[in-house]
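Taken together, the values in this text are just the output of simple stated rules run on the coordinates, not laboratory data. The structure presented is a predicted model; accordingly, all values stated were derived computationally and were not measured. Ideal geometry is used to build each Cβ from the backbone, glycine not excepted, and the neighbour counts take in all protein chains shown.
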Amino acid sequence: MIRCKTFIQWVVTEQINQLSISKRVQATIHPLMCYKCRTFKRNNKALNQILSEYDANKPDAG
Ligand SMILES: [Zn+2]
């Protein structure tokens, strides 16, 4: 099993789609078995959502 640190690095850098099949399988399984990473992944997704909405609604203040 991959380490939490490795998994988080993949999520943060959005490398998952570029990994080999076997690593991608591990990246899929890891959050299912590790509740910390499951929470992290969800929070990271929510954070990205918030940031993209913020960018879209940013006032054009220059
Ligand atoms: Zn983990």
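Here are some notes:
- The stretch 1-14, residues that are aliphatic (A, V, I, L, M) and surrounded by 13 or more Cβ atoms within 10 Å (Cβ to Cβ): I2, I8, V11
- Scanning the stretch 15-50 for residues that are more than 9 Å from the ligand (Cβ to nearest atom), surrounded by 10 or more Cβ atoms within 10 Å (Cβ to Cβ) and not in a helix (DSSP H, G or I) gives Q15, L19.
- Hits in the stretch 1-14 - residues which are of a type in the set (A, V, I, L, M, F, W, C) and outside any helix (DSSP H, G or I): M1, I2
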